[in-house]
Structure formats: C-alpha cells, structure tokens
1. Being open to solvent by less than 40 Å² (accessible area, probe 1.4 Å), more than 23 Å from the chain's Cα centre (by Cα) and under 17 Å from Val315 (Cβ atoms) is the filter here, so list the residues in region 336-345 that pass it.
2. When you go through (1) within 28 Å of Tyr427 (Cβ to Cβ); (2) modelled with pLDDT under 90; (3) under 14 Å from the mean Cα position of the chain (by Cα) one by one for Ile144, which number turns out not to apply?
3. Out of all the residues in region 421-443, which are at pLDDT below 95 and open to solvent by less than 50 Å² (accessible area, probe 1.4 Å)?
4. Could you check region 87-101 and list, in sequence order, the residues that are open to solvent by 10 Å² or more (accessible area, probe 1.4 Å) and under 20 Å from Lys59 (Cβ atoms)?
5. Which residue pairs have Cβ atoms closer than 6 Å, lie 6 or more positions apart in sequence or on different chains, and pair a first residue in region 439-457 that is among the acidic types (Asp, Glu) with a second residue that is open to solvent by 80 Å² or more (accessible area, probe 1.4 Å) and modelled with pLDDT under 95?
6. Run down Gln225, Gln258, Gln291 and say which single residue is modelled with pLDDT under 90 and either open to solvent by 60 Å² or more (accessible area, probe 1.4 Å) or assigned to a helix (DSSP H, G or I) (or both).
7. Going by what's in this entry, would Ile107 be described as of a type in the set (A, V, I, L, M, F, W, C), more than 24 Å from Lys250 (Cα to Cα) and at pLDDT 90 or above?
8. Hey, among the residues in region 102-121 that are in contact (Cβ under 8 Å) with a residue 24 or more places away in the chain and away from the ligand (no atom under 13 Å from the Cβ), which one's surrounded by the most Cβ atoms within 10 Å (Cβ to Cβ)?
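The values are calculated or read from the model by the stated rules, or taken from the named source; none is laboratory data. Predicted model, so just to flag it, every value in this text is computed and none were measured. Using ideal geometry, Cβ is built from the backbone for each residue, glycine included, and neighbour counts are taken over all protein chains shown. What goes into the accessible areas is simple: the full protein's heavy atoms, side chains included, and nothing from ligands, DNA or RNA. Shrake-Rupley method; radii C 1.70, N 1.55, O 1.52, S 1.80 Å.
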Amino acid sequence: MASLFRSSLSCLRAAAFVCLGAVTSLGGTASAIAQSNVPIVRDAEIEALVRDYARPIFKAAGLSKSGIDIVLVNDPSFNAFVAGRRMFINTGALMQAETPNEIIGVIAHEAGHIAGGHQERLREQLARAQTMAILATLLGVGAIAAGAATDTAGLGQAGAGIAMGGSEMARRGLLGYQRTEESTADRSAITYLEATGQSAKGMLVTFKRFQDALSLSGTRVDPYQVSHPMPRERISSLETLAKSSPHYDKSDSAALQQRHDMMRGKIAVYTQGQAAASRLFRKDPRGLAAQYADAQATFLYGNPASALRKADALVKLQPNNPYFHELRGDILLRSNKPAEAAASFAKAIKLDPSNSSILQVAYGQALLTTGKPDNLKAAAAEIRKALARDKEYFNGYTYLAQAYGQLGQVSDAELATAEGYFYSGNYQQARIFAARAQSKMKRGTPPWIRAQDIINYKVPGKKK
Ligand SMILES: [Zn+2]
C-alpha cells in the first residue's frame, strides 16, 4: 500500500513536505478525466505561512466564516484559483513570488472572485465535492496541473487538457472569468489590501509580469495567465488605484519576508534540488533561509550526521521555530533514532501555533517506529487525533493502519487502510478493505457504519 501514498518523481518523500502525489480519480465522467490527478503537497510550514497570508484578507472580504481551505498544488507553473470552498495555489506561484506581498495580492484577487460570487453555480457544485479526488474529477484540473508539471511547455499540455472535453464546461468556467468579473475582483482586492494596511504593489508586479510575457505561442505560459488576461487598460486602472493608497510603498515585515524566503528555499530544494535553492540565495548565501535550504538539501541528498549538525545550528539560531525541530525529527527518523525523533517532533508540536496535523502524524510515525508497545498505543492515538481534524491527509492512514496492525487490532487496521484509499480516490480498494474490516466488526457500531458508508459511496458522475 505504501506505494499509493508515495509520490511522483519530482517530489522526494520526507516527513516535511509530504507530496501526496497523484490523487487518482477513478470516477471520471470521461476517460480523459479519469486519469486526472491533483498533485498535492502537504507541508506544515508552508500551509501555516500561506494561511497567515490569507487570514486577514479573508477577514476583510467577509469570508472568515466560509471555511475556505487552501490547497497547495505541486506544480512549477504560476497558478492560483478557487474551486468551491478551496483555494488552490501552485508551489510555482509561491516560488516565483519574491515577496509575501506578491502572493498576498493574488490571494486578495482570488478572494475577490469568491466574495463577488463569480461563477456561483459552478462553485456550489464544486463545494459539494467531498474529497479532493472527486474535485479533480469535476474540474479535470489534474489534466491541467499534471500537464504543466511534467512538461516545461506547460501550455501545450494544458491546451491538450482543455481540448479533451469531458468537464470542458466546468474547466472553462473555472479558467475564464468575464472581463467585468476580473475588474471587480481587482477592485475588491485593492479594498482588502487597503483594509489590512497592505500595498497592492505586489499584485501589480505579478500582473505586469504576465502582461509582459503574454504570448500564447511561447514555450511556457503559466495557467494563471491564460485564465487572467491582462489587457493594458486593466493594468493601468489597477496601477492608478494601487498608487493612490497611502500603503503603496509599505513593504512586508522583515520577519515575514524571512519566512517567505525559507518557504521558497524549501520548495526549491524539494522540487528542484540543491542547485535551484543556491540560485535563489545567490545574493545572500549565508542568510538563514540559505542555511535552512542547505540543511534540508543535506538531509535529502547528503550525509545524515552532517544534516543533523546543520539542523542543530538552526535550532540554536531560532530555538522557537517549530520547523527546525521538525527537520531535526526527520533527520533522526531517517537515521534510525525514532525515540529522539519523537522528542523533536513533540517540541515542534508544542511550538507550532497552527496546530498542524502533519506534525502530529510525524510524531505518531516516530513513536510507531520505536516499536515499543506503549508507544504503539500513543502513536495510534496521536495519528487518530490528527486525522480527526484533517481527514483528507491520507498519508496518515498508512501509519494508523501500521500502528493498529502492530497492536493486533486487525479490523481497525483494515478500516484505516480503507479510509486511506477512500480519500486518495481509490474507491475500489477502499470498498475491498472496508468490507474486510466490516466482516470482523459488530453490526451497527460506529466503525461498522463508517465501513458501510465507504462501501455504499457513490462516485458522483459515475454511471454504474
Ligand atoms: Zn481573476
């Protein structure tokens, strides 16, 4: 089963930056879509940072109570879009944005689309999608994301995806807003940025970049550019609005910029390797972000002992940074020191204001790896708690199933396996494991009912 949860070649596995790989969808309305997938990235640090970017904007937009989730897509191209109650942001967009303000501007613009109720009917339909896998089916979004990810000639692939039909309408609806909606979203974005005391300069920088590069015959066109045409008049009216703000020249705080740089370095190291990170920090090769990227590169590609020394040095510099402890935990876990790794993850959890389920699952994984009977129970409890608030983090079910398996709780292990398959979109395997689990359960108990739900689940749009 492990292979199901491992990822594509472009993303190495580590406890930090878990690339969930393909969320395979078997329930497509068209065969082209059946192969669609959304390459999702789960990382405690990046998720917390992007949520910190979005929180004040969502509040200003009146969306705080809408429960908008942010989903990170492992894709080097620049893209951000909204589907239902989820906002998708490509790692490529995060890496290309040189300042927090640039990505915050894009989030503000997308929030403008949500608040404006643009494409409302489509969004309602998408909001009902229960899992990422179903969403991928409805959108055919994977066809686009995956195409761009596997080929630098992103548009060629994306274009092929677009032409494939299937959920053509949904996709066109998603990709193309009307001109009036674009300018409304721009104006809303400016309002949110104004209300939160931030500059619209970053948004302008980003949009201008797309304007300059617009050429559909070019070798690489970012999906965002396709969905967001930037005619000259749009940019110029945006520029006028942006410059009229008293916050126009305000820049991000040094601390936020540092977190942003650390995020960019991490994405570079995990998705493109050490050289990409070095290029990123050419101007400041001894800065904290460069040092962090170097420690991660050493962990991924180098000597564990040396990686541990580098992580220790980072912890010394910022003892309260949860992700430095997380990195330490990752290194120790890979060095076959699970008890020490667990201690590091426990520290990370204590320091993490975002209460990330990813750190908790990593802690559970470390406890599990010690193999001690007491720890197995604790591992199962930790992972269960994490999954209770983040049920789509399907990587976690692998470890939960292992913990239950080692505890001799066979039906619990099988149900956890079924859940893992379910949330990753492999409904056939999910049903098989749910049925196996159920055969060992007492009828009518909560786990029995959950197993039944999985067995009965009807994939939307699938004729059978
Ligand atoms: Zn837009």
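1. Answer for region 336-345, where residues must be open to solvent by less than 40 Å² (accessible area, probe 1.4 Å), more than 23 Å from the chain's Cα centre (by Cα) and under 17 Å from Val315 (Cβ atoms): Ala341, Ala342, Ser344.
2. With (1) within 28 Å of Tyr427 (Cβ to Cβ); (2) modelled with pLDDT under 90; (3) under 14 Å from the mean Cα position of the chain (by Cα) applied to Ile144, the lone miss is (3).
3. Tyr421, Phe422, Tyr423, Ser424, Gly425, Asn426, Tyr427
4. If the condition is that a residue be open to solvent by 10 Å² or more (accessible area, probe 1.4 Å) and under 20 Å from Lys59 (Cβ atoms), then Asn101 is the only one that fits.
5. Listed by first residue and then by second, the contacts come to nothing, as the list is empty.
6. Being modelled with pLDDT under 90 and either open to solvent by 60 Å² or more (accessible area, probe 1.4 Å) or assigned to a helix (DSSP H, G or I) (or both) holds for just one of Gln225, Gln258, Gln291, which is Gln225.
7. no
8. Among those residues, the one meeting the criterion is Ile104.
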